[in-house]
Structure formats: C-alpha cells, structure tokens
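Accompanying notes for the structure given below.
The values are calculated or read from the model by the stated rules, or taken from the named source; none is laboratory data. Quantities reported herein were computed from a predicted structural model and do not represent experimental measurements. Glycine gets a Cβ as well: all are built from the backbone with ideal geometry, and neighbour counts include every protein chain shown.
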C-alpha cells in the first residue's frame, strides 16, 4: 500500500463551521463524493459518521475522508485500488463493530 501526502487532496469544509455531518456533507466541494453504502451495506452512521472519496487520476491522487462527530480522518493513495482497499478495511471494521 502506498500512502501519499494528504496535502495533495482537495480541500474539505472546516468542521468548526459545520453543525453536524449533514452540514459537513452539504459543504463538500464537487471534488468529493459521499459514499452512502459499500457493497450493499451502509457506510458510516449518518449524521455522526460520514465517508467521502475523491479521485484525481491526472495527479494520481485517490483519497477518502471520514467525518466522525466533528473530527476528520484522511487517507491519500496513489491508486484507486489502494484507496478502495483502505475503504474496504474500514467497512469490514465498521461491520464487525455493528455485529458485536
């Protein structure tokens, strides 16, 4: 897995100016796409946990952002496949937590 510098990702809304995850989602730029589900299962836990992804093939940057109750966790990768592997790992972790 090749992680790259998060500074190469498009900007995200400042959480200080967002009331909740819905507000954060609404302020995402067009570079980011919210991921409501993954392989037919719910992704995140709206409005507390929101997952979004971005693709910039021209710059070889593929990223994700997780809004978690006012905090944002980022991941940036040099391939679509690596980013999707990271999202899959998060999804499996999330499903494991929901099933315990």
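A few remarks follow.
- Residue in region 6-25 that is touching a helix residue (DSSP H, G or I) at 6+ places or on another chain (Cβ under 6 Å), at pLDDT 95 or above and surrounded by 14 or more Cβ atoms within 10 Å (Cβ to Cβ) present: yes
- Residues of region 1-52 satisfying the condition of being over 14 Å from residue 66 (Cα atoms), touching a residue at least 60 places away in the same chain (Cβ under 8 Å), touching a strand residue (DSSP E or B) at 6+ places or on another chain (Cβ under 6 Å) and in a loop (DSSP other than H, G, I, E, B): 4
- Scanning region 56-89 for residues that are more than 14 Å from residue 12 (Cα to Cα) and in contact with a helix residue (DSSP H, G or I) (Cβ under 7 Å, 6 or more places away or on another chain), we see that the one that is surrounded by the most Cβ atoms within 10 Å (Cβ to Cβ) is 62.
- Hits in region 28-41 (condition: at pLDDT below 95 and surrounded by 15 or more Cβ atoms within 10 Å (Cβ to Cβ)): 38
One line per residue, one yes/no per condition, for (1) within 19 Å of residue 27 (Cα to Cα); (2) modelled with pLDDT of 95 or more:
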{"residue": "54", "(1), (2)": "yes, yes"}
{"residue": "58", "(1), (2)": "no, no"}
{"residue": "62", "(1), (2)": "no, yes"}
{"residue": "65", "(1), (2)": "yes, yes"}
{"residue": "68", "(1), (2)": "yes, yes"}
{"residue": "78", "(1), (2)": "no, no"}
{"residue": "91", "(1), (2)": "no, no"}
{"residue": "98", "(1), (2)": "no, no"}
